[in-house]
Amino acid sequence: MFLLVKKGVNHYEKAAKLSGIKTERLTFGTFVTMGALAALAGLIFSARLNTATPKAGVGFELDVIAAVFIGGASASGGVGKVMGAVIGAFIMGVMNNGMSIMGVGIDWQQVVKGLVLWFECVARLCQLRVGRACCWGMGDEELDNDAVGVHIITRACINMH
C-alpha cells in the first residue's frame, strides 16, 4: 500500500496535497526506508565477506549501471520497472559468473561489461531514431521521455573511447 501511495504522490503531488496526504512526511519516510535498506544491504555484504573494509563495494558501479539499463531504465528517469532491474542484475550476474568460470581476467571482464553497456546505449539510440518502441518494453509515449537520457549516455559511452 505504501508503494502505491508513493507512486501516486510522485505523479500527482499537487492533487495528493489537496486530498490531505502529507507528501513531505511520505517523502521523508521513503528516504528513511531506503537508508535502512541500504544499511541492511551493507551488513549482509560485510557478513558475506567476513570483513568490513571501506573498499568492499569498489567496482560494482559498472555492474549496477549496466544491470539497470539492461533492465529498461532511462537516464532521464520515469521509465523502467523493478522486475526489469532484477532481470538486468540476473543477466550481469550470469555474465560475471560465466566469465569467472571461463578464467577471463578482471580487466577483460570490465571491457566486456563496458561493451555490453555501450551496446545497450547504441541500441536504444538507434531505436529512438527509428521512432519505434523497443523490445525492452518502452511504449511510444515513453520514447520522448527517454531521448534525452539515451543521448547523454551515448555521449558518455562515445567519450570513454
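The values are calculated or read from the model by the stated rules, or taken from the named source; none is laboratory data. For clarity, every value in this text was computed on a predicted model and none was experimentally measured. Glycine gets a Cβ as well: all are built from the backbone with ideal geometry, and neighbour counts include every protein chain shown. SASA here: full protein model, heavy atoms, side chains in, ligands and nucleic acids out. Shrake-Rupley method; radii C 1.70, N 1.55, O 1.52, S 1.80 Å.
Between Arg25 and Val122, the simple label model (points 7 Å from Cα in the Cβ direction) yields a spacing of 5.3 nm. Rg over Rh for region 8-93 works out to 1.08, both radii taken from alpha-carbon positions and Rh defined as the Kirkwood radius. When you count the other C-beta atoms within 10 angstrom of each residue and take the mean per peptide, 97-104, 59-66 line up highest first as 59-66, 97-104.
May I ask you to give the percent of accessible area on region 27-83 that is carbon plus sulfur, with a probe radius of 1.4 Å? Its accessible area is 74 percent carbon and sulfur atoms.
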